[in-house]
């Protein structure tokens, strides 16, 4: 492993200044929160920082503030703290459930919201030294190779899947990301934060090299909102979603008045399915409707040679998530 220096930032402005000064001196820089993904990237020889700027020393970046205007969540909050926060669990259960589904308890104790959202792909070609698009190369090896876990939506020229569990939940909630960089602050809707390989094959989001995801802003939930997160994994610990569903429903009585369905584990970005959402609006959830929504959710899927199973799996997961919500609402009423 390459040796590197560590600098503890006093605040976000100091972190940006430290990174900018190091880059002007020709040194490579990485920001670190929990650092679990970064450490693996360094071990794999993908990230080779000369300077590591730690954000853990900055006060206030792990706070949650909720009020009538919604919620503000610091990017350095750990996944464990996020999943257990009483206001998040009560008002935004899809986010709490997504956070508690990540990896292992040990990783959730150090992994952060910002780190989970901004982590790099876990494609085995990228992580094992192949000169692919994500590593600065000129091709994706998965279409003609081992693509069992790769994208069935939005692929090309790279077919990675976005590894974050929190990202689909945040898109489904209509979150906004507050980003801080050398040019000041900007707010980016979560749905516009992530980028397809067709737009930028080397990156997964719009962050600049010296920008930091500082905070997530959530709108207030409507009076009768139900949300949940479900995922399927190929094993039960320290793994990512083969397919996932973040679901947010607004209701009046037993009728759905608004719906957001965002898929995870199946595309290079959190994948929203508006045609499936539209089927729910104005309807009461029934087993037949849930099945139909699941079918429409995968209507645009384009599987590779070894991952066609994901189409049926994802359709079934959408159906199951809706029927689980239907059963839960029936018990409440």
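Look at (1) buried (at least 23 other Cβ atoms within 10 Å of the Cβ); (2) in contact (Cβ under 8 Å) with a residue 40 or more places away in the chain and you find that residue 217 fails only one, number (1). With respect to residue 140, determine if the residue is in contact with a strand residue (DSSP E or B) (Cβ under 7 Å, 6 or more places away or on another chain), over 14 Å from residue 83 (Cα atoms) and either crowded, with 20+ Cβ neighbours inside 10 Å or at pLDDT 95 or above (or both). Judged against the criteria, residue 140 is a match. Sub-9 Å Cβ pairs linking a first residue in segment 63-84 that is at positive phi to a second residue that is part of a loop (DSSP other than H, G, I, E, B), at least 6 apart or interchain, are 70/219; 70/220; 70/221, ordered by first then second residue.
Among the residues in segment 133-144, are any at positive phi, in a loop (DSSP other than H, G, I, E, B) and in contact (Cβ under 8 Å) with a residue 12 or more places away in the chain? Taking every residue of segment 133-144 in turn, at least one turns out to be at positive phi, in a loop (DSSP other than H, G, I, E, B) and in contact (Cβ under 8 Å) with a residue 12 or more places away in the chain.
Checked against the criteria, residue 279 does not count as under 30 Å from residue 13 (Cα atoms) and either touching a strand residue (DSSP E or B) at 6+ places or on another chain (Cβ under 6 Å) or crowded, with 18+ Cβ neighbours inside 10 Å (or both).
Looking at the structure I just gave you, is residue 270 under 20 Å from the mean Cα position of the chain (by Cα) and without any contact (Cβ under 8 Å) to a residue 40 or more places away in the chain? Judged against the criteria, residue 270 is not a match. Within segment 82-104, being closer than 18 Å to residue 34 by Cβ and either more than 18 Å from the chain's Cα centre (by Cα) or not in a helix (DSSP H, G or I) (or both) holds for 84, 85, 101, 102, 103, 104.
Only one entry of 168, 221 meets the criterion of being closer than 26 Å to residue 321 by Cα and outside any helix (DSSP H, G or I), and that entry is 221.
The values are calculated or read from the model by the stated rules, or taken from the named source; none is laboratory data. The shown structure was predicted, so the numbers you read here are calculated from the model rather than taken from an experiment. All Cβ positions, glycine included, derive from the backbone under ideal geometry; neighbour counts span all protein chains shown.
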